[in-house]
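Let me begin by presenting the structure, written as structure tokens, before commenting on it.
What follows is calculated from the coordinates using simple rules that are stated; it is not laboratory data. What you see is a predicted model, and the numbers here were worked out from it, not measured in a lab. Here the Cβ is made from the backbone with ideal geometry for all residues, glycine too, and neighbour counts use every protein chain on show.
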Amino acid sequence: MSSASELGKFETETAMEGTVLRSHAGGYLVYQPELDINLFCQARGRLKKEQVSIFTGDRVRLEEVDLPSAKAVIANILERENLLSRPPVANVDQVIIVQAVHQPDWIPLVCDRYLVHFQLETGSSLPILCFNKSDLASEEDKKSLRSIYEPLGYLVTIVSAHDGEGMARLVNLLLGKVTVFAGPSGVGKSSLLNCLQPELRLKIGIMENDFGVGRHTTTYSELYRVPSEKLILFGAEDTRPTWIADTPGFGLSELKHPEPLDLGWQFPEITKLAVDCKFADCTHLVEQGCNVITNLESIEPSRYENYSIMVKESQSEKSILRDTSKKVESAVKTVGGRHNKAVLIPRLNGRQRSKSKNTERQQLKNAPHEEDEEGTEEETDITGDTTQQAEET
Ligand SMILES: Nc1nc2c(ncn2[C@@H]2O[C@H](COP(=O)(O)OP(=O)(O)OP(=O)(O)O)[C@@H](O)[C@H]2O)c(=O)[nH]1
Ligand SMILES: [Mg+2]
Ligand SMILES: [Zn+2]
């Protein structure tokens, strides 16, 4: 990469474009390909005022490029091809889900949760599965991982950032693409980038024991361009620009929560069988005439178990939501419906309600008799709305 001072004064009349590598000190680090330099950029005031979000991977139009200080202003964001919500990276060609075979031990349910999340995120393409730390894995481990996922159409790479095993195949998958490395913390996402490009010296977790691998060592998403000479070292046959986003490991609570009936479509083996189920809204869990249940022996047991767990979770989330909204409905009421100005306000209990003028008059008329506790009263609530309601006893 050239340094700004080497390039001297650069004619900046022509519009320049760049790629956002990451947020940086309240601004952004942007790579400009023609100059082959990184520029520290601030967003134009208008973008800030309009609260326009700028993400790693966004392509932007640059103005006021000042080479000596390597600074510029982001004038606009160019149209995005796509945007992942978690991790937030724009213009992504593919996602590689990185997991460790051991340290931390591979967990099938976690793997399937990540697959579902990224399939929902990307809509079309199947994510690639990358199992790292193969130096800690037995041949049996590797065979069993492949045997679960390859027959379903997933690309499986088994690699070691420590001894370089499998890296040539991984590099060929990366070539010419913008790839996001995503997955749990401590599985070696940053280590894989360091393996490809040792000069990056990315911070990696400290291996404390088999389980306590550094928690969230990487704290922000950053896009790195892998130089072609590095790719060639790993046997790449061409030199197309290759980008990798290293991202922080993220927790299960941040994964997408699909609807129960959408989950079947995220499991290719269930989708294939579901076309012959008796009911269109089959959950494939208990129904009579379910073609998935009839052919259960053709599905890898851990996959069906994970599918069932996710569907049941999603069903119970939905029923909790329904119950909560029922409780909310009975605890609030709508007032003032005109001009879309209806608002929800809490219903008051008897003790908190003030008596309406009519009720007060009625009570004076009836005095000195005791107030009839079973009677009705008009309730005036804090908004001044009057409603007829049975008095609570
Ligand atoms: N044995 C072995 N250990 C590895 C390998 N790759 C990474 N590690 C170790 O795993 C630990 C975590 O690696 P990181 O690269 O920080 O993991 P990460 O996925 O980037 O983690 P976060 O940034 O927290 O999301 C470090 O102690 C690495 O040395 C590998 O191929 N084999
Ligand atoms: Mg990391
Ligand atoms: Zn079914």
*How far is the Cα center of region 88-132 from the Cα center of region 51-85, in Å?*
27 Å
_Hydrodynamic radius by Kirkwood, which averages 1/r over all alpha carbon pairs of region 260-328, in angstrom_ = 12.7 Å
*Nearest 0.05, what FRET efficiency do Arg80 and Ile107 give at R0 = 41 Å with Cβ-Cβ as r?*
0.80
*Could you give me the percent of Cα pairs per 10 Å distance bin for region 94-254, shortest bin first, beginning at zero and ending with the bin that holds the maximum distance?*
10, 43, 38, 9, 0
*Whose amide H sits under 5 Å from the amide H of Leu155, counting only residues 5 or more places off or on another chain, with H placed in the peptide plane?*
Leu129
_Whole-Hz ³J(HN,Hα) from phi, Karplus 6.51 cos²θ - 1.76 cosθ + 1.60, for region 290-295, glycine and proline x_ = 8, 6, 5, 5, 4, 10
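Could you tell me the calculated FRET efficiency between Ile232 and Tyr154, based on Cβ-Cβ distance and R0 = 30 angstrom, to the nearest 0.05? Intermediate results must be reported in sequence, preceding the final value.
On the way: r = 28 Å, r/R0 = 0.92.
That gives a FRET efficiency of 0.60.
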*So which trypsin sites (Lys or Arg not before Pro) in region 255-331 pass both tests, a DSSP loop state and at most 12 other Cβ atoms within 10 Å of the Cβ?*
Lys278
*Debye sum, Cα scatterers, region 68-177, no solvent: what log₁₀ I/I(0) at q = 0.22 1/Å?*
-1.28
*From largest to smallest, what semi-axes in whole angstrom does region 4-77 give when each is the square root of 5 times an eigenvalue of its alpha carbon gyration tensor?*
20, 12, 11
*Amide H to amide H, which residues 5 or more places from Ile204 or on other chains are under 5 Å from it, using H placed in the peptide plane?*
none
*Table column - 3J(HN,Hα) (Hz), region 185-196, Karplus curve with 6.51, -1.76, 1.60, x for Gly and Pro*: 6, x, 8, x, 4, 5, 4, 5, 5, 4, 5, 6
_Placed amide H near Ile37: partners under 5 Å, 5+ positions off or other chain_ = Gln32
*Of Lys177/Lys256; Lys71/Lys133; Lys177/Lys203; Lys133/Lys318; Lys49/Lys230, which sit over 32 Å apart, Cα to Cα?*
Lys71/Lys133; Lys133/Lys318; Lys49/Lys230
